[in-house]
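These notes concern the structure reproduced below.
The values are calculated or read from the model by the stated rules, or taken from the named source; none is laboratory data. Remember, it's a predicted structure, so these values are computed and weren't measured experimentally. Because the Cβ atoms are built from the backbone with ideal geometry, glycine has one as well, and the counts that use them run over all protein chains shown. The accessibility values were calculated without ligands, DNA or RNA, using every heavy atom of the protein model including side chains. Shrake-Rupley method; radii C 1.70, N 1.55, O 1.52, S 1.80 Å.
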Amino acid sequence: GSTERHFNQMYSLQKYYEDEDQKRPLEGITDISVSLKLDGAAISLLYVDGHLVRGLTRGDGVEGQLITDKLLATNIVPHYVDIPGVIQITGEIVAPINIENSRNYAAGSLNLKDVNEFRTRSIEFFAYGMQPTQYDTYEEDMDLLKRVGFNTVRDTDLDKVYPTDGLVYRINSNK
């Protein structure tokens, strides 16, 4: 498949382990949003005036593999959202934990050449980011994504169905 640049670079999370003696990165900040870190494959979605025009795997964060055809052939993500302008939505493609090696299964699904085989895969998309932000807080942005048809990482009990590998703590304020 061909590669293209993400509209906005996809960054990695800064890891923090409780048992290591290090400064807490968000110490002193009171408004923090916590969500599960899903263990799948990250992708970016580009919408222009509401229409899904491009889907990319994370790749190296700067560019990724084109997967638009697979996304338009399924209903894993909305093909149209009621958000004007140019918007990049990032999130995780995951497979249920009852599938062996669910993380590899999810990532492998994105690499399939055959769209029909892709259609048979048991995978879901959960949004965790939006650029540019639309509201003052992360949680309001996730609520917007929910309203326009996305699953988000703020959905409840995701860890009972999908593999997770930790928690994500983020400053709720988009400023």
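Just one of (1) closer than 21 Å to D39 by Cα; (2) part of a strand (DSSP E or B) fails for D159. It is (2). Can you confirm whether the stretch 19-32 contains a residue that is part of a strand (DSSP E or B) and either in contact (Cβ under 8 Å) with a residue 24 or more places away in the chain or β-branched (V, I, T) (or both)? Within the stretch 19-32, one or more residues are part of a strand (DSSP E or B) and either in contact (Cβ under 8 Å) with a residue 24 or more places away in the chain or β-branched (V, I, T) (or both). Within the stretch 100-127, the set of residues being part of a loop (DSSP other than H, G, I, E, B) and buried (at least 17 other Cβ atoms within 10 Å of the Cβ) comprises R121, I123.
Total residues in the stretch 41-61 satisfying the condition of being open to solvent by 10 Å² or more (accessible area, probe 1.4 Å) and more than 16 Å from D82 (Cα to Cα): the figure is 7. If the condition is being small (G, A, S) and under 22 Å from Y47 (Cα atoms), then the stretch 82-106 contributes G85, G91. Which one is most open to solvent (accessible area, probe 1.4 Å), of the residues in the stretch 140-153 that are among the β-branched types (V, I, T) and assigned to a loop (DSSP other than H, G, I, E, B)? Looking at the filtered set, the residue picked out is V148. Of the residues in the stretch 82-90, at least one is part of a loop (DSSP other than H, G, I, E, B), touching a residue at least 40 places away in the same chain (Cβ under 8 Å), open to solvent by 80 Å² or more (accessible area, probe 1.4 Å) and among the charged types (D, E, K, R). Considering the conditions (1) open to solvent by less than 90 Å² (accessible area, probe 1.4 Å); (2) of a type outside the set (S, T, N, Q); (3) over 22 Å from S109 (Cα atoms), K37 is excluded by exactly one of them, (3). The single residue among T137, T156 that is farther than 24 Å from I67 by Cβ and surrounded by 14 or more Cβ atoms within 10 Å (Cβ to Cβ) turns out to be T137.
Residue under question is Y16, and the condition is that it be surrounded by 13 or more Cβ atoms within 10 Å (Cβ to Cβ) and part of a loop (DSSP other than H, G, I, E, B); does it hold?
So Y16 fits the description; yes.
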